[in-house]
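Below is one structure, written out as structure tokens, with a few remarks after it.
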Amino acid sequence: MAGERTGPPRQLPLDLGHGTGYSRDELVVSGANAQAAALVDRWPDWPAPVVVLAGPPGSGKTHLAQIWQAHAHAVAIAPDSIGEHIGG
């Protein structure tokens, strides 16, 4: 057919320097995560001393945890070394 292209696409991917960011400003708050975001924002005024973030992959758990970690000046501990930090 006339005008039909063959071969690979001619669009070039551009490296725009976009990386994964976990700041509060980069969190997109929606109906799905609004309550969790509000709870993280209220730290340390929580109704309990701990919070469990649960959800499917890609739902923002890591992003919310990173926001809390920065806000609380918390230290990240690798799962395989938790026992060393709690005397276990």
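Values for this structure:
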quantity	calculated
Equivalent ellipsoid semi-axes - Cα gyration tensor, the chain, angstrom	40, 19, 13
The chain: angle of helix 61-72 to the longest principal axis, Cα-based, in degrees nearest 10	50
Residue 5 versus residue 70: modelled label distance in nm, points set 7 Å from Cα along the beta carbon direction	3.9
Fewest-first ranking of 14, 53, 27, 64, using other Cβ atoms within 10 Å as the exposure measure	14, 53, 27, 64
Length-normalised contact order of the chain in % [C-alpha pairs under 8 Å, at least 6 apart]	29
Potential lengthening between residue 38 and residue 15 on full extension [0.36 nm per residue; Cα-Cα distance subtracted]	4.9 nm
Sparse-neighbour loop sites [GluC sites (Glu not before Pro); the chain; at most 10 other C-beta within 10 Å; DSSP]	4
Residue with peak Gaussian network fluctuation, the chain [Cα springs, cutoff 10 Å], from 17, 31, 60	17
Positive-pole candidate from 17, 62, 50, dipole of the chain, charges at beta carbon	17
Two-site label geometry, residue 29 and residue 46: point separation in nm, points 7 Å out along Cα→Cβ	1.8
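No value in this document is a laboratory result; all are computed from the given coordinates. Keep in mind that what you see is a predicted model, and the values were worked out from it rather than measured. Note: ideal-geometry Cβ built from the backbone for every residue, glycine included; neighbour counts use all protein chains shown.
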